[in-house]
Amino acid sequence: MLSFVIRMMAKVSNGEKIKASALGKGIISEEQAARLTTQEAVHLIFEPGFSTASSVSEVSGRGVGMDIVRSQIGRLNGIIDIDTKVGVGTTFTIRLPLTLAIIKGLLVKVSGQVVC
């Protein structure tokens, strides 16, 4: 597998805020929320319709985003994982099959430069 690790100093909301938002939007039940660990709660950002934004704009609050990212990575037979720690930051790890390394189908732009 090819692994891409993206570390951000910006934090993903804490597990309790994510649980509350998912509960308010009907994504999970109260019973499910009570059983979720912090790490499981963070993974709720990948659920369709999920958002912690307080208002809707052109780029946020619509609940369309990380579920699309996860489904597109899944279409490539890959996986995405998230780890967040309060005061440290958030790490996304994307793993894709090695077979993608032999085709020029994956381009990544870093600091204005395209990396193949």
**Request:** Pop the C-beta distance of residue 7 and residue 32 into the FRET formula with R0 = 35 Å and round what comes out to the nearest 0.05.
**Result:** 0.75
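Top to bottom by accessible area (1.4 Å), largest first, where do 4, 92 land? Please report the intermediate quantities before stating the final value.
On the way: 4 70, 92 25 Å².
So the residues, ranked largest to smallest area, are 4, 92.
The values are calculated or read from the model by the stated rules, or taken from the named source; none is laboratory data. Quantities reported herein were computed from a predicted structural model and do not represent experimental measurements. Cβ coordinates were reconstructed from backbone atoms using ideal geometry, including for glycine residues, and neighbour counts include every protein chain displayed. Note: accessible area is taken over every heavy atom of the protein model, side chains too, but ligands, DNA and RNA are not part of it. Shrake-Rupley method; radii C 1.70, N 1.55, O 1.52, S 1.80 Å.
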